[in-house]
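Engineer: First the structure, which I've put down as structure tokens, then a few questions once you've had a look.
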């Protein structure tokens, strides 16, 4: 696999990776102070930061991955933010590969317990190490009773280790799956690019969080065991996203307990998954909004039209220019487009009447990751739907426009109404908004606009 460029996988993007505190995909930085222990089929050293020599508990003669499973997970969780391969949820976090699966992907429970006990021993010897363990395998034991592996998982959690496990791919209730039903583990189910619950994913109340797990693009191995790009599906892939999120939290909150990590992930999660079986969470892991730090302060540009002016700046940020008249040039105190009193003592605002009249205004939203456009309005004497003021937006300085809404008749509003839009897809350095009347409007049709605001 060549090193020309870096790929941001859809899963890392979907859970907000580019907007996390690590800014996955910006080509710089790496997480410090956290250790990712991947108990799996091994991994390779491509595009990850090795924390120690690979450890092999399996019956394989090599500690490296030849099964093409662990290598896939390691990239999703912690691939470095550079100019090759992929970028992970927790870019550059140190990874410790603990091989427990044989080269056919199978193992004995006693092998996994011994490996997990070794991580606990390390934690006990260096209590301030911030450790996340990922185990993306399991077995249906046909009962909710604990196994030796479940007990080992809870012991690891009691020792201060965050343990993330896959729910399993049998399409059954995870309550009989070890270690998915271990109370201390964070158990992860899968969904697809449409946010639809994956039909193979195990489900039920044992599942704590959902994450992307269908057609996940990451590192794989070809028939010669060389590094390639590969798509894989499974709750294994989903779990690696959540492990990355846990590492992110611990990197900024060293010393946090496993319950602190769990609670932080649950608090930040979003209810966006659909088509899940009854009793199964609809919440996906989410690391956007600068997780795990406080979200960046919101800014606003705003015009309350308190003065007879087209240059009102009543927000925390400044518009890129004044309102520009469309259809006339009479200024803010005259003509068909003017700032004046709103009827019935409803304040002062921008009045638009007659046909092909309006205003537009520009704002620089470069650097913003989200934006909301809102305003208040009042319609008077509009007799039919052909009489309206269109609400428009442009992301290229007015070269092209998209109509967001129509403030149309029939209407004779008794009070001010409000409207709001998510305009995140129109963020640019030359975003423009516009209010513009239709050909059906006449000089006796009025639309008043007030408290125009963009929050970003």
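The values are calculated or read from the model by the stated rules, or taken from the named source; none is laboratory data. On a predicted model such as this, the values are computed, not experimentally measured, just so you know. A quick note on method: Cβ atoms are made from the backbone with ideal geometry, for glycine too, and the neighbour counts reach across all protein chains shown.
Engineer: Among the residues of segment 23-56, write down those that are buried (at least 23 other Cβ atoms within 10 Å of the Cβ), in a loop (DSSP other than H, G, I, E, B) and in contact with a helix residue (DSSP H, G or I) (Cβ under 6 Å, 6 or more places away or on another chain).
Structural biologist: 24, 31, 34, 41, 42, 43, 48
Engineer: Could you list, in sequence order, all residues of segment 38-51 that are more than 24 Å from the chain's Cα centre (by Cα) and touching a residue at least 60 places away in the same chain (Cβ under 8 Å)?
Structural biologist: Within segment 38-51, 39, 40, 41, 44, 46 qualify.
Engineer: In addition: Look through segment 178-230, keep the residues that are within 16 Å of the chain's Cα centre (by Cα) and farther than 22 Å from residue 163 by Cβ, and return whichever of them is surrounded by the fewest Cβ atoms within 10 Å (Cβ to Cβ).
Structural biologist: 194
Engineer: Determine whether residue 161 is in contact (Cβ under 8 Å) with a residue 12 or more places away in the chain and touching a helix residue (DSSP H, G or I) at 6+ places or on another chain (Cβ under 8 Å).
Structural biologist: Values: in contact (Cβ under 8 Å) with a residue 12 or more places away in the chain: yes; touching a helix residue (DSSP H, G or I) at 6+ places or on another chain (Cβ under 8 Å): yes.
The answer is yes for residue 161.
Here is a yes/no grid of residues against (1) closer than 18 Å to residue 338 by Cα; (2) in the same structural domain as residue 18 (by TED's automatic domain parsing); (3) surrounded by fewer than 19 Cβ atoms within 10 Å (Cβ to Cβ):
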position	(1), (2), (3)
358	yes, no, no
396	no, no, yes
409	no, no, no
446	yes, no, no
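Engineer: Which residue out of 71, 112, 133 is in contact with a strand residue (DSSP E or B) (Cβ under 7 Å, 6 or more places away or on another chain), in the same structural domain as residue 223 (by TED's automatic domain parsing), surrounded by 23 or more Cβ atoms within 10 Å (Cβ to Cβ) and not in a helix (DSSP H, G or I)?
Structural biologist: Values: 71 fails: not in a helix (DSSP H, G or I); 112 fails: not in a helix (DSSP H, G or I).
The match here is 133.
Engineer: Can we say residue 194 is farther than 24 Å from residue 141 by Cβ, in contact with a helix residue (DSSP H, G or I) (Cβ under 6 Å, 6 or more places away or on another chain) and either outside the structural domain of residue 128 (by TED's automatic domain parsing) or without any contact (Cβ under 8 Å) to a residue 60 or more places away in the chain (or both)?
Structural biologist: For residue 194, the condition - farther than 24 Å from residue 141 by Cβ, in contact with a helix residue (DSSP H, G or I) (Cβ under 6 Å, 6 or more places away or on another chain) and either outside the structural domain of residue 128 (by TED's automatic domain parsing) or without any contact (Cβ under 8 Å) to a residue 60 or more places away in the chain (or both) - is not met.
Engineer: Something else: If I go through segment 412-437 residue by residue, how many of them are buried (at least 19 other Cβ atoms within 10 Å of the Cβ) and either closer than 30 Å to residue 345 by Cβ or not assigned by TED's automatic domain parsing to the domain that holds residue 361 (or both)?
Structural biologist: Summing the residues that are buried (at least 19 other Cβ atoms within 10 Å of the Cβ) and either closer than 30 Å to residue 345 by Cβ or not assigned by TED's automatic domain parsing to the domain that holds residue 361 (or both) in segment 412-437 gives 5.
Engineer: Which strands (runs of 3 or more DSSP E) sit wholly inside segment 371-446 and have at least 2 residues that are under 24 Å from residue 297 (Cβ atoms) and either in contact (Cβ under 8 Å) with a residue 24 or more places away in the chain or within 38 Å of the chain's Cα centre (by Cα) (or both)?
Structural biologist: Fully inside segment 371-446 and qualifying: 372-380, 417-422, 431-437.
Engineer: How many of the residues in segment 329-353 are over 21 Å from residue 397 (Cβ atoms) and surrounded by fewer than 16 Cβ atoms within 10 Å (Cβ to Cβ)?
Structural biologist: So the count comes out to 9.
Engineer: Hey, among 92, 88, which residue is assigned to a loop (DSSP other than H, G, I, E, B), closer than 18 Å to residue 11 by Cα and either touching a strand residue (DSSP E or B) at 6+ places or on another chain (Cβ under 7 Å) or not assigned by TED's automatic domain parsing to the domain that holds residue 21 (or both)?
Structural biologist: 92
Let's see how each residue does on (1) free of Cβ contacts under 8 Å to residues at least 60 places away in the same chain; (2) more than 24 Å from residue 401 (Cα to Cα); (3) assigned by TED's automatic domain parsing to the domain that holds residue 412; (4) in a loop (DSSP other than H, G, I, E, B):
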| site | (1), (2), (3), (4) |
| --- | --- |
| 306 | yes, yes, yes, yes |
| 311 | yes, no, yes, yes |
| 318 | yes, no, yes, yes |
| 329 | yes, no, yes, yes |
| 333 | yes, yes, yes, yes |
| 340 | yes, yes, yes, no |
| 344 | no, yes, yes, yes |
| 350 | no, no, yes, no |
| 355 | no, no, yes, yes |
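Engineer: Mind checking which residues of segment 276-300 are more than 26 Å from residue 20 (Cβ to Cβ) and either outside any loop (DSSP other than H, G, I, E, B) or without any contact (Cβ under 8 Å) to a residue 60 or more places away in the chain (or both)?
Structural biologist: 278
Engineer: Can you work out which of the residues in segment 115-128 that are touching a helix residue (DSSP H, G or I) at 6+ places or on another chain (Cβ under 7 Å) and crowded, with 16+ Cβ neighbours inside 10 Å is nearest to residue 173 (Cα to Cα)?
Structural biologist: 116
Engineer: With respect to residue 379, determine if the residue is over 27 Å from residue 19 (Cβ atoms) and surrounded by fewer than 16 Cβ atoms within 10 Å (Cβ to Cβ).
Structural biologist: It is false that residue 379 is over 27 Å from residue 19 (Cβ atoms) and surrounded by fewer than 16 Cβ atoms within 10 Å (Cβ to Cβ).
Engineer: Here's a check for you: in segment 288-328, which residue that is surrounded by 15 or more Cβ atoms within 10 Å (Cβ to Cβ) and out of contact with any strand residue (DSSP E or B) (no Cβ under 8 Å at 6 or more places or on another chain) is farthest from residue 374 (Cα to Cα)?
Structural biologist: Only one residue fits best here, namely 292.
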